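Where a number appears in this text, it was derived from the coordinates with a stated rule and is not lab data. Keep in mind that what you see is a predicted model, and the values were worked out from it rather than measured. Note: ideal-geometry Cβ built from the backbone for every residue, glycine included; neighbour counts use all protein chains shown.
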Amino acid sequence: MTWTFLVSPYGWAQLLADGDTGWHIRTGEWILAEGRVPYTDLFSFSKAGQPWFAWEWGADIWFALLHGQFGLKGLTLFAGAWIGLFAWLLLRAMLWRGANGMIAILVTLIAVGAASLHYLARPHLFTLLFVPLSLWIIDADRRAPSRFVWSLVPLTILWTNLHGGFLALISFLGILTLGTAIESLWSSGGKLGDPRATFAPALRYGWLTAACSLSTLVNPYGWHLHEHIAAYLNSDWIKTVVQEFQAPTFRGEGLRQYELLLFAALLASAALLARRRVVEPLWILFWAHQSLTSARHVTLFAALAAPIVAIEATRLWDAARQGAPRKSVLAILHALSRDIGTGMRWSSVWPLVFLAALLAIDEPLKWPRDFPQEKFPVALVGKHQALMSRSRLLTSDQWGDYILYRFWPQQKVFVDGRSDFFGPRLGNEYLRLTQGGWDWRQILDRHGFDAALVPLEWPLASLLKGHPGWRLLSDDGKALVFQKRELTSPLRASGGLPAAGKIWGRD
């Protein structure tokens, strides 16, 4: 994985393609300085002081510590190493389950490619790793029950305070409880009195589900966190305007790999049901549905489905090689796969040494010193630094994140990437403004903007160019910087002119 970022044309900076990283860093810094989590907004002038949940506060602290010590270099190296650890954990879990070595490598590569949609330096990286880890713990307990499975309870507490993806574990455990009960009933032919119909495992997993669910209350916001997340995930407005909550479009290599993994997992489900295995098919069907309705769940589906697909593919491989001559191609490939699998089970400290060496080297590894210029107006912000840091600035939610990274606490923003906080009322107002809706002048006046940093493709950009109350300062072909003119006309000063929204009328 590290090699991917070394040879990529965008280098390590591609991990900073989402501006949310900026306000996560600043939130962590605030928590470290104040010694408490925030309960009200820190970053906006549009909803200043209103209730806000910093529900990824643990990850925010970690990001702030990394950034404070090593800058963006340390943060991106951590993200890249964490993604590599995810790939390694998936591969080791497959081999532990008995997957063929070459099949395990192939399926891991497909899963890692499918999950690449969310390879960003954001708190969801913790969920990326905790999903395969928790599923491995569950699978080990299903094979040989032990007390170790209860380690999921402290893991849930940690997970809850790092990222909202802890709900994935609750869903895994709930489906596990139901599926285990069905498997027990199925094995007895549907006869409840049959000795084979023992529900002890299902009851045990039910208690585990309850314990992990209750442990999610161990967070600074208590049950209000769950209330907030439920409202967020069920918001029709969020599903409409936030791209990662919409269905995948199956464009790009990563989503094609997801599609391949999806078909393979559905075929594996049929084979598992034929052997009266219910838990895995239920997991696959549930998360297939989730990932087909929301692209943000593709990563979770890949982490869940990959080991199951690898094991079922190994079963097919073993059936095909049965009876093959010793010197046949199948037999040779099987021996080679066995040797590869044995070699990959060894662990080494050399990856840690390699990471430490990367941290010590600056050039020529493309370490980011700022957010990527391909995504953010870095040069324009630097050119107009005084204006950007002191004005009542209008900019996009994504660029608002970057403004917070550069200038907070001196500067606050109209909107940023916290769509759950701003909600539909202010969110729709922001969208109407960017599109030059009928009330765009009134919105500008109501919020008192005196500067604007807007993408070239916004319809508002053309409207501001033609507005006598605004002057264009810079245009780099991707973004434009405007400043509001000071109107000193005696007629204007005496109130002889109507408000700007009525001078021009409606669009």
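Charge tally around Phe376: other residues with Cβ under 14 Å, Lys/Arg +1 each, Asp/Glu -1 each, net -3. Across the chain, the relative contact order, built from alpha-carbon pairs under 8 Å that are at least six residues apart, equals 19 percent.
His163 sits among other residues whose Cβ lies under 15 Å from its own Cβ, and their net charge, with Lys and Arg +1 and Asp and Glu -1, is -3. When the chain is described by a simple charge dipole with +1 on each Lys and Arg Cβ and -1 on each Asp and Glu Cβ, the residue from Trp96, Trp159, His124 located farthest towards its positive end is Trp96. Nearest 10 degrees is fine. How inclined is helix 279-293 to the longest principal axis of the chain, computing both from alpha carbons? Helix 279-293 sits roughly 20 degrees off the main axis of the chain. Cross-linked pairs Lys47/Lys465; Lys383/Lys478; Lys412/Lys465; Lys47/Lys375; Lys375/Lys465; Lys73/Lys383: Cα-Cα separations exceed 20 Å for Lys47/Lys465; Lys412/Lys465; Lys47/Lys375; Lys375/Lys465; Lys73/Lys383. Using C-alpha pairs under 8 Å with a sequence gap of at least 6, the mean separation divided by the residue count of segment 378-504 gives a relative contact order of 22 percent. From its DSSP helices (H runs of at least four residues, each -39,500 (n - 2.57)), the chain gives a residue-normalised ellipticity at 222 nm of -19500 deg cm²/dmol. With +1 on each Lys and Arg Cβ and -1 on each Asp and Glu Cβ, how big is the dipole of the chain about its Cα centre, in debye rounded to the nearest 20? I would put it at about 580 debye.
Using only alpha carbons, segment 53-344 has a radius of gyration to Kirkwood radius ratio (Rg to Rh) of 0.99. In a DSSP loop and with at most 15 other Cβ atoms within 10 Å, there are no chymotrypsin sites (Phe, Trp or Tyr not before Pro) in segment 68-171. Helix 166-187 and the longest principal axis of the Cα set of the chain meet at an angle near 30°. Given the choices (1) 26.7, 99; (2) 22.7, 69; (3) 23.5, 74, Rg and Dmax of the Cα atoms in Å derived from the coordinates of this structure is entry (1). Counting only alpha carbon atoms, the long axis of helix 253-274 and the longest principal axis of the chain meet at about 30°. Beta bridges from DSSP with both residues in the chain: antiparallel share about 75 percent, rounded to the nearest 5.
Of all aspartates and glutamates in the structure, the ones whose alpha carbon falls short of 19 Å from that of Lys239, not counting any fewer than 8 places away in one chain, are Asp18, Asp20, Glu227, Asp397, Asp416, Asp420, Glu429.
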